[in-house]
Amino acid sequence: MTTHKLLLLPGDGIGVEIMREVERLIGVLNAKGGENSFEYDSDLVGGAAYDAHKVSITEEAMKKAADADAIIFGAVGGPKWDDVPYEHRPEAGLLRLRKDFDLFANLRPAICYPALAEASSLKRELVEGLDILILRELTGGTYFGEPKEVVTLENGEKRGVDTTVYTTSEIERVIKLGCDLAKKRSNKLHMAAKWNVMKTGVLWRDVTVATHKAYAPDVQLENILADNCAMQLIRNPKQFDVIVTDNLFGDVLSDEAAMMTGSLGMLPSASLGAADPKTGRAKALYEPVHGSAPDIAGQGLANPIAMIASFAMALRYSCDMAAEADAIEAAIAKVLADGLRTADIMQNGLTKVGTEEMGKAIIKEVEAALS
Ligand code: NAD
């Protein structure tokens, strides 16, 4: 019997509403019994933490996060906190979690449920059944390299500088993770970089080839130029399975892939750290891609699917519960196929439901599948 320790951080706005559906789901999985169970605790983060404690996350919450096997995060922010001191703004809580736990890998799946294929901007046949995973390096590269500045030159002109920096070990660890993820899926890995014009691109390609050869030669690897990858994603996205890439290209490619699937309310994500040498477990935070949606908060209108799918990722990547993760993903597909829709994905002639109703319908399917 394995007990998984979770920390739930609902945050602000719709984060609170969608997290309730995760709690309900945890209750159902615990009630089912079996080899796995969950212990969970909750705490404040973001604006809610600021209101109570004048910080965006407390040391006590950070300690609970350090002790947890997985952190399940809702969303933070909202106009109420626009004027709080910069270091205590709601997003600072999330950035602190990412930084303190060195969450270097961001996983963004792009899954196009057949029932939602019409909502994509691409043709149905290109996206129906799409299931790809973008693995973005999250703590290095262009967004963090120094110097990073805008300077005024002697002639009065300004010059902006960003610096793209990567070391062997930073690339190696994310490529290894890419190989591990590919093995859990269809064993196919693309690495996207610009080795034709960037020195960091040359290093990415060389380290990728060497790491793959030493670590997972059985994985089918293809290196692809990042611009070609962007084009191929639009032309024929189903040719991909896992795409691993640096921070900057990953930012762009993951948004491109995400939009093939329809709505923001559907997109889960995971951020993983290095595996603990003793337990083999990686620190991990799971969160929907969307924000706290202040425009619909408190009205029971939010789509809980991105949150529930993020929890399914936690089961898959932090709890070794692939069967339960599969059951949740299948349940989401089923309720969508049955015509249930929250307002953000509503189509003519289908049944409009709120957060709770959508959550309960998914949970009912999960219960049926696992009974
Ligand atoms: P947002 O993602 O909160 O909302 C964008 C639009 O999508 C809104 O119209 C919203 O109603 C809709 N939407 C988002 N999620 C939805 C869902 N689950 N169901 C139905 N509709 C949904 O982005 P924003 O409006 O730019 O930002 C609002 C606040 O959230 C800001 O304070 C921002 O800083 C914060 N934010 C937080 C995170 C995070 O916590 N990781 C991410 C992005 C934005």
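The numbers here are math on the coordinates, done by the rules we state, and not lab data. Predicted model, so just to flag it, every value in this text is computed and none were measured. All Cβ positions, glycine included, derive from the backbone under ideal geometry; neighbour counts span all protein chains shown.
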Square roots of five times the C-alpha gyration tensor eigenvalues of the chain, ordered largest first and given in whole Å, equal 32, 26, 22
List the aspartates and glutamates whose Cα sits under 19 Å from the Cα of residue 364, skipping any in the same chain fewer than 8 residues away. 17, 21, 23, 324, 326, 329, 338, 356
Treat the count of other C-beta atoms within 10 Å as a stand-in for reagent exposure and order 139, 167 from fewest to most. 167, 139
By DSSP, what percent of the beta bridges with both residues in the range 137-295 are antiparallel, rounded to the nearest 5? 50 percent
Name the long-range amide H neighbours of residue 274: under 5 Å, sequence gap of 5 or more, or other chain; modelled H, no Pro or chain starts. 104, 283
Residue 145 long-range amide H proximity, modeled H, under 5 Å: 163, 165
Whole-Hz couplings from phi, Karplus 6.51/-1.76/1.60, listed for the range 348-359; x for Gly and Pro: 3, x, 9, 9, 7, 10, x, 4, 5, 5, 5, x
Once phi is turned into ³J(HN,Hα) by the Karplus curve 6.51 cos²θ - 1.76 cosθ + 1.60 with θ = phi - 60°, what whole-Hz value does each residue of the range 232-243 show in order, with x for glycine and proline? 5, 4, 7, 6, 7, x, 6, 6, 9, 10, 10, 10
Roughly what % of DSSP beta bridges within the chain run antiparallel, to the nearest 5? 40 percent
From phi via Karplus (6.51, -1.76, 1.60), per-residue ³J(HN,Hα) for the range 72-79 in Hz, x at Gly/Pro: 10, 10, x, 7, 10, x, x, x
Given just the C-alpha atoms of the range 149-239, how large is their convex hull per residue in cubic angstrom? 125 Å³
Once you mark the trypsin sites (Lys or Arg not before Pro) that are in a DSSP loop and have at most 11 other Cβ atoms within 10 Å, what is the longest gap between them in the chain? 124-277
Please give every one of the lysines within straight-line cross-link reach of residue 158, meaning a C-alpha to C-alpha distance under 26 Å, and leave out same-chain neighbours fewer than 8 residues apart. 148, 199
Highest GNM mean-square fluctuation among 335, 45, 244, for the chain with Cα springs under 10 Å, belongs to 335
Arrange 7, 103, 203 by Cβ neighbour counts within 10 Å, fewest through most, would you? 203, 103, 7
For the range 52-74 and the range 264-321, distance of Cα centres in Å: 15 Å
Spelling it out for residue 321: with amide H atoms placed in the peptide plane at 1.01 Å from N, the residues 5 or more places away or on another chain with amide H under 5 Å from its amide H are 316
Enumerate by residue number the GluC sites (Glu not before Pro) in the range 98-176 meeting two conditions: DSSP loop (anything except H, G, I, E, B), and at most 15 other Cβ atoms within 10 Å of the site's Cβ. 154, 157
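Give me 340, 6 sorted ascending by neighbouring Cβ count inside 10 Å, so fewest comes first.
Ascending Cβ contact count within 10 Å gives the list 340, 6.
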